[in-house]
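Each remark here refers to the structure printed beneath this line.
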Amino acid sequence: MLRLLRAHRNSITASMLLLGIATGLTLLQPLLAGRLVSRAAAGAPILAPAILLVAMLGGQFLLEASGHFRLERTGEKIVLQLRADFTNHVVRLPVGLLDR
């Protein structure tokens, strides 16, 4: 199993990094939303924090979608390689073995 994953380690690492950053943005959003509510209650302008919150939501969505896409694509490549290895193995077996 590790032999299969080793060939795709860069893609898996990049996917996990994207998903980790998206998770970090997810954890920061409630903090920013709380500050936004506090500023609104105090009567301070809230346009800049609101724009920042929307940008964080969009960034989180894009990073998460990219990370999941890359991870799924890598998984499909691994399955394709397994199928190709299996097919090559079966094709090279002696015919007598397959007849039994």
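To keep it simple, each residue is scored yes or no on (1) modelled with pLDDT of 95 or more; (2) closer than 27 Å to residue 5 by Cβ.
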site: 45; (1), (2): no, no
site: 48; (1), (2): no, no
site: 55; (1), (2): yes, no
site: 63; (1), (2): yes, yes
site: 68; (1), (2): yes, yes
site: 77; (1), (2): no, yes
site: 88; (1), (2): no, yes
site: 92; (1), (2): no, yes
site: 95; (1), (2): no, no
ask   = Does any residue of the stretch 19-26 turn out to be part of a helix (DSSP H, G or I), in contact (Cβ under 8 Å) with a residue 40 or more places away in the chain, touching a helix residue (DSSP H, G or I) at 6+ places or on another chain (Cβ under 8 Å) and open to solvent by 70 Å² or more (accessible area, probe 1.4 Å)?
value = yes
query = Restricting the stretch 77-100 to residues that are of a type in the set (D, E, K, R) and not in a loop (DSSP other than H, G, I, E, B), which is least open to solvent (accessible area, probe 1.4 Å)?
reply = 85
request  = Could you grab me the full set of residues in the stretch 38-54 that are without any contact (Cβ under 8 Å) to a residue 12 or more places away in the chain and open to solvent by less than 50 Å² (accessible area, probe 1.4 Å)?
outcome  = 44
query = With (1) over 30 Å from residue 85 (Cα atoms); (2) part of a helix (DSSP H, G or I) as the list, and residue 5 as the residue in question, which single condition is left unmet?
reply = (1)
remark   = Inside the stretch 55-76, the number of residues satisfying the requirement of being open to solvent by less than 100 Å² (accessible area, probe 1.4 Å) and free of Cβ contacts under 8 Å to residues at least 40 places away in the same chain is 8
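The values are calculated or read from the model by the stated rules, or taken from the named source; none is laboratory data. Predicted, not measured: the structure shown is a model, and the values here were computed from it. Note: ideal-geometry Cβ built from the backbone for every residue, glycine included; neighbour counts use all protein chains shown. To get the accessible areas, we keep the full protein, side chains included, count just its heavy atoms, and leave off ligands, DNA and RNA. Shrake-Rupley method; radii C 1.70, N 1.55, O 1.52, S 1.80 Å.
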